[in-house]
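Visitor: Here's a structure for you.
The values are calculated or read from the model by the stated rules, or taken from the named source; none is laboratory data. Being a predicted model, the structure only gives us computed values, none of them experimental. Neighbour counts are summed over all protein chains in view; Cβ atoms, including those assigned to glycine, are modelled from backbone coordinates with ideal geometry.
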Amino acid sequence: MEFILEANERKVDKQSQLTDIRTSNRVPGIVYGFSQKPVSIDVDYRDLLKTLKAAGTSNIVTVKVSDKEIKVIVREYQQDPVTDKLTHVDFMAIDAKKIVETKVPLEFIGISKVVREQGAQLNKKAFTVDVQCLPADLPAKIDVDVSIFTEMGQKLVISDLVVDEKVTIMNDPNNPVANVTVPKKMVIKTAAEEAEEAAAAAEAEEGAEGEAKPEGEAKPEGEAKPGGEAKPEEKK
């Protein structure tokens, strides 16, 4: 899929210019890298948002600016700490013949048998990885198949991820990616423990039956009624 973003070239000026750009529903940015001379740009806010959601940091984007087309990847973007609105974006120009390093998202797929049938908890420990490769070999995402989890306590680490031989993952191979654990509220009991609990319950039930009063037990004569005193018998 091809991603194209229209941009305006802008002159680096006062801070007030950046404020004007943002209030016009546009986002200031810069294109740099390799033999590309840094170019200050601004792009439409909605177009940038759509591009970031679709392309992320692992797809090649064509930025059209001043009658030029520059192949880039999103290197970094900033957001307002309060509103989360995009405030700036950095694009890194790429060369088709030179290796690039960027982040690629992990996509968790499949259904774990131990999660579905035994109520295990799936814990995701990583959501992106750093990769190096030529631009043409850059994966849009890396799949993580959690259906391999069949027992409590199993885990996946970086070295378990499957990628093309042309792609190198730069993270520590022992870093965790995901695991399955027993939920805190779940208690797993052994067969012996279950048998012991059943025997104790049966014994308690038998004891309760032995203590029950026989039916039809007479109440003492003249017993006081609730809420009042017993009346004495009248003499005839």
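Visitor: For the condition crowded, with 16+ Cβ neighbours inside 10 Å and part of a strand (DSSP E or B), what is the one hit in V163, V131?
Guide: Result: V131 is the single residue among V163, V131 that is crowded, with 16+ Cβ neighbours inside 10 Å and part of a strand (DSSP E or B).
Visitor: Taking the criterion of being of a type in the set (A, V, I, L, M, F, W, C), surrounded by 14 or more Cβ atoms within 10 Å (Cβ to Cβ), closer than 26 Å to N8 by Cβ and in contact with a Ser or Thr (Cβ under 7 Å, 6 or more places away or on another chain), would at least one residue in the range 53-66 satisfy it?
Guide: So far as the range 53-66 goes, yes, one or more of its residues are of a type in the set (A, V, I, L, M, F, W, C), surrounded by 14 or more Cβ atoms within 10 Å (Cβ to Cβ), closer than 26 Å to N8 by Cβ and in contact with a Ser or Thr (Cβ under 7 Å, 6 or more places away or on another chain).
Visitor: Looking at A96, A126, A136, can you tell me which residue is at negative phi, surrounded by 14 or more Cβ atoms within 10 Å (Cβ to Cβ) and of a type outside the set (V, I, T)?
Guide: Just one listed residue meets the conditions, A126.
Visitor: Of the residues that make up the range 43-65, is at least one at positive phi, at pLDDT 95 or above and either assigned by TED's automatic domain parsing to the domain that holds I158 or not hydrophobic (A, V, I, L, M, F, W, C) (or both)?
Guide: For the range 43-65, residues at positive phi, at pLDDT 95 or above and either assigned by TED's automatic domain parsing to the domain that holds I158 or not hydrophobic (A, V, I, L, M, F, W, C) (or both): absent.
Visitor: Additional query: Filtering the range 1-52 down to residues that are small (G, A, S) and without any contact (Cβ under 8 Å) to a residue 60 or more places away in the chain, which residue is nearest to P105 (Cα to Cα)?
Guide: In this case the residue turns out to be A7.
Visitor: Same structure again: For the list (1) in contact (Cβ under 8 Å) with a residue 60 or more places away in the chain; (2) within 33 Å of the chain's Cα centre (by Cα), I need the number of the one condition that K64 fails.
Guide: (2)
Visitor: What tally of residues in the range 85-117 results from selecting those that are of a type in the set (F, W, Y) and either over 26 Å from A7 (Cα atoms) or in contact with a Leu (Cβ under 6 Å, 6 or more places away or on another chain) (or both)?
Guide: 1
Visitor: For the range 134-153, which residues satisfy the criterion of being part of a strand (DSSP E or B) and among the aliphatic types (A, V, I, L, M)?
Guide: I142, V144
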